[in-house]
Amino acid sequence: MSDLSVVILAAGKGTRMGGEVPKVLVETDEGTLISHVLKTVKALNPKEIIVVTGYGREKVEASISGVKFAYQKEQLGTGHAAMVALEKVENKKVLILYGDVPLIKPETLQCFISGAKCLSFISEIVSRDTSYGRVIRDSISGKVLGIKERKDCSSSEALINEVNSGVYVVDTEILRKALSSITPKNAQGEYYLTDIVSYAVDSEIEVGTFTQYENGEFFGVNTLDELAEVNKILLERRIKRFEREGVVFRGASYVAPTVSIGKGSVVGASVELLGTTSLGEGVVVESGSLIKDSKLHDNVTVKLSCRIEESEIKRGASVGPFANLRAGTLLEEDVKIGNFVETKKAHLKKGAKASHLTYLGDCEVGVEANIGAGTITCNYDGFKKHKTVIEDGAFIGSNTSLVAPVKIGKGAIIGAGSAITKDVPQDSLSLTRAEQKVVPGWAKKFREKVNG
């Protein structure tokens, strides 16, 4: 579109957003409002992009590159903003839109522009009352007569369900003449950009409309509630993209924009996938789990209600339910981490198992080693962290405390209930339990004494 100039109106303060940040710099889950709009219009390959700034000019201009800027020093309305931008326009045709409508798709604008008249705008059929201007048409012919801003509408006009999206394509000379004709004689005392439509009608210039049914694309952000709605729609788009790529979602979940998921994976309900998390192919994440900044290779299973952060889990491993993998955890192929197991800076090698009720911190666990229930690595002495090494094929009995620094040799067995404070040689048995004693009949005598 070598003859097209794009004008983005981005001068507003956004008072209702509750902060001091210029409205177009308010962050969605996928970047600032204006970054979405810029990405969309750049896909059109226009000759130039002109951004009209006002409130917070320095911040807005510092956040954007590759465009021209026009400064609206006084906030006198959208028509006045277009006047300021027009001084920078160098092409025959102008696309005008706002910097707070992040959901518009490039293909929608391409279709709109390809069929545009000398002056055209996008209208939308809505099912709810909005603050957008109403499109006034002749009741018989359907011809556009003008656009009336919501605050200037009569009670009957307010019921009109065709509204102005705020997106226009105009021949530059017509825009120049139309803007010179408008006045601030309205409820807000501003220069309305919408008045260029009335000018075209009065001048017998054909006005084109590109009418869409309500689909969220033209959703502007003026409040925190509307920002939440935009984020909801962006999430829905991400989910649908993954579904098209072969991912199954079993219920409502949150997937951050920076997450990747391989085909054939299944994500349960109420799952949160955050940060730079990547899931390979055929991964199953059951309901209620949170995974952040972690890499899960193909065919990993994460069972119900696990938390995984800054960890890597290799092919075929299984985690959970109710497991907590903290930063620095590495699980190699076919490792099993069971229910109520916590790991931190733990490297478990191929086929190792810790099936339940265990804490593994600052440790290395060898190939096919088996960690019994209730085992803990005592890695902190009150001042420093120390490492535990459990070599290949070792067996750690239940309710064992491994007091680091300590090394359990290859193939060694640790008896249940032991507190191990010294290294255990390869293929040895080590246990620290006191000798079991049995006193025959003692319990019966005790009960008789208590019961008289």
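The values are calculated or read from the model by the stated rules, or taken from the named source; none is laboratory data. Keep in mind that what you see is a predicted model, and the values were worked out from it rather than measured. Every residue, glycine among them, receives a Cβ derived from its backbone with ideal geometry; neighbour counts consider all protein chains shown.
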Those residues of the stretch 156-196 which are crowded, with 23+ Cβ neighbours inside 10 Å and among the polar types (S, T, N, Q), in sequence order: ASN164, SER165, THR194
Unique match (being on the phi > 0 side of the Ramachandran plot, surrounded by fewer than 20 Cβ atoms within 10 Å (Cβ to Cβ) and either of a type in the set (Phe, Trp, Tyr) or modelled with pLDDT under 95 (or both)) among PHE395, PHE340: PHE340
Test: residue in the stretch 230-237 that is closer than 30 Å to TYR254 by Cβ and surrounded by 20 or more Cβ atoms within 10 Å (Cβ to Cβ): yes
Per-region count, the stretch 120-155, residues out of contact with any Gly (no Cβ under 7 Å at 6 or more places or on another chain) and either among the aliphatic types (A, V, I, L, M) or assigned to a loop (DSSP other than H, G, I, E, B) (or both): 22
Meets criteria (among the hydroxyl-bearing types (Ser, Thr, Tyr), in contact with a Lys or Arg (Cβ under 9 Å, 6 or more places away or on another chain), under 26 Å from GLU27 (Cα atoms) and surrounded by fewer than 18 Cβ atoms within 10 Å (Cβ to Cβ)) for THR258: no
Any pair with Cβ under 8 angstrom, 6 or more apart, that starts in the stretch 239-256 at a residue that is hydroxyl-bearing (Ser, Thr, Tyr) and ends at one that is not in a strand (DSSP E or B): SER253/ILE239; SER253/GLY268; SER253/ALA269; SER253/SER270; SER253/VAL271; TYR254/LEU235; TYR254/VAL271
Selection status of ILE308, part of a strand (DSSP E or B), without any contact (Cβ under 8 Å) to a residue 60 or more places away in the chain, touching a strand residue (DSSP E or B) at 6+ places or on another chain (Cβ under 8 Å) and under 26 Å from GLU30 (Cα atoms): yes
Residues satisfying the stated conditions in the stretch 423-452, i.e. among the β-branched types (Val, Ile, Thr) and surrounded by 11 or more Cβ atoms within 10 Å (Cβ to Cβ): VAL424, THR432
Of residues in the stretch 254-272 being of a type in the set (A, V, I, L, M), in a loop (DSSP other than H, G, I, E, B) and in contact with a strand residue (DSSP E or B) (Cβ under 7 Å, 6 or more places away or on another chain), the one farthest from VAL302 (Cα to Cα): ALA256
Any pair with Cβ under 6 angstrom, 6 or more apart, that starts in the stretch 361-382 at a residue that is under 12 Å from LYS344 (Cα atoms) and ends at one that is basic (Lys, Arg) and in a strand (DSSP E or B): GLY361/LYS344; ASP362/LYS345; ASP362/LYS385; ASN379/LYS385
Scope the stretch 9-47; condition more than 25 Å from the chain's Cα centre (by Cα), under 24 Å from GLN75 (Cα atoms) and at pLDDT 90 or above; matching residues: LEU9, ALA11
Subset of the stretch 116-148 that is of a type in the set (Ser, Thr, Tyr) and in contact with a Ser or Thr (Cβ under 9 Å, 6 or more places away or on another chain) - its residue that is nearest to ASN215 (Cα to Cα): SER123
Qualifying residue in the stretch 99-114 (condition: hydrophobic (A, V, I, L, M, F, W, C), surrounded by 13 or more Cβ atoms within 10 Å (Cβ to Cβ), touching a Gly at 6+ places or on another chain (Cβ under 8 Å) and under 26 Å from LYS232 (Cβ atoms)): yes
Qualifying residue in the stretch 208-225 (condition: under 16 Å from the mean Cα position of the chain (by Cα), aliphatic (A, V, I, L, M), farther than 22 Å from ARG307 by Cα and modelled with pLDDT under 95): no
Subset tally (residues that are over 16 Å from CYS378 (Cα atoms), basic (Lys, Arg) and in contact (Cβ under 8 Å) with a residue 12 or more places away in the chain) for the stretch 415-437: 1
All positions within the stretch 301-317 that are under 15 Å from LYS349 (Cα atoms) and surrounded by 20 or more Cβ atoms within 10 Å (Cβ to Cβ): SER311, ILE313, LYS314, ALA317
Residues within the stretch 355-385 that are of a type outside the set (Ser, Thr, Tyr), under 18 Å from LYS407 (Cβ atoms) and either within 33 Å of the chain's Cα centre (by Cα) or part of a strand (DSSP E or B) (or both), tallied: 11
The stretch 49-75, residues that are crowded, with 16+ Cβ neighbours inside 10 Å and within 10 Å of ALA11 (Cβ to Cβ): VAL51, VAL52, THR53, GLY54, TYR55, GLY56, ARG57, VAL60, ALA70, GLN72
